[in-house]
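What follows is a set of notes on a single structure, which appears directly below.
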Amino acid sequence: MSPSFQRLATLTVSTKRSVINVGTGRKGLPSIMLEDIRALPLFAVDPETRLRLGLDSPYILLQTFMEYYPDVIVGDVLVTDEGEYPIRSIQQVPWKGAYRLGLIVEDQKQKV
């Protein structure tokens, strides 16, 4: 982790994922996939980004940046001490010679 990113990444997060039971075809309860990931604190998505990415949601959208993990997908859930947030969008973002993941999540406790 670069020193500049490490100073800014003050949030520790995990991710959860629901897997489909092959036998029943039903989605199971989400379970932890990744743990103890450093991320930037969540902050509001600006209206321009929301429009550009075509993110239509009745909920407040928040974003963060974290270390690059190829196993994070749209539909996973970002878990923080404050709550759980479904991941709506993922972008791979260059950051000083490395890549970070830009995540946009829904705060389903707050409507727009």
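The values are calculated or read from the model by the stated rules, or taken from the named source; none is laboratory data. Nothing here was measured: the structure is a model prediction, and the numbers come from that model. Cβ placement follows ideal geometry from the backbone for every residue including glycine, while neighbour counts extend to all protein chains displayed.
A few points about this structure:
- Filtered residue count, the stretch 34-58, keeping only those that are surrounded by fewer than 17 Cβ atoms within 10 Å (Cβ to Cβ), among the hydrophobic types (A, V, I, L, M, F, W, C) and modelled with pLDDT of 95 or more: 2
- Residue, nearest to D76 (Cα to Cα), within the stretch 24-40, restricted to residues that are out of contact with any Ser or Thr (no Cβ under 6 Å at 6 or more places or on another chain) and assigned to a loop (DSSP other than H, G, I, E, B): L29
- Yes/no for D56 being more than 26 Å from S2 (Cα to Cα), assigned to a strand (DSSP E or B), among the charged types (D, E, K, R) and out of contact with any Cys (no Cβ under 6 Å at 6 or more places or on another chain): no
- On inspection, Y69 passes the criterion of being under 29 Å from S4 (Cα atoms) and assigned to a loop (DSSP other than H, G, I, E, B).
- The numbered conditions (1) modelled with pLDDT of 95 or more; (2) closer than 22 Å to S2 by Cα; (3) in a loop (DSSP other than H, G, I, E, B); (4) not polar (S, T, N, Q) are all true for V74 except (2).
- Matching option when the condition is at negative phi, touching a strand residue (DSSP E or B) at 6+ places or on another chain (Cβ under 8 Å) and among the acidic types (D, E), among E82, E48, E67: E67
- Filtered by the rule that a residue be β-branched (V, I, T), closer than 16 Å to R38 by Cα and touching a Lys or Arg at 6+ places or on another chain (Cβ under 7 Å), the stretch 60-104 gives V77, V79, V93, I104.
- Subset of the stretch 1-30 [farther than 23 Å from L61 by Cα, surrounded by 10 or more Cβ atoms within 10 Å (Cβ to Cβ) and either touching a residue at least 12 places away in the same chain (Cβ under 8 Å) or of a type in the set (S, T, Y) (or both)]: M1, S2, S4, Q6, V19
- For E67, the requirement of being among the acidic types (D, E) and touching a residue at least 12 places away in the same chain (Cβ under 8 Å) is met.
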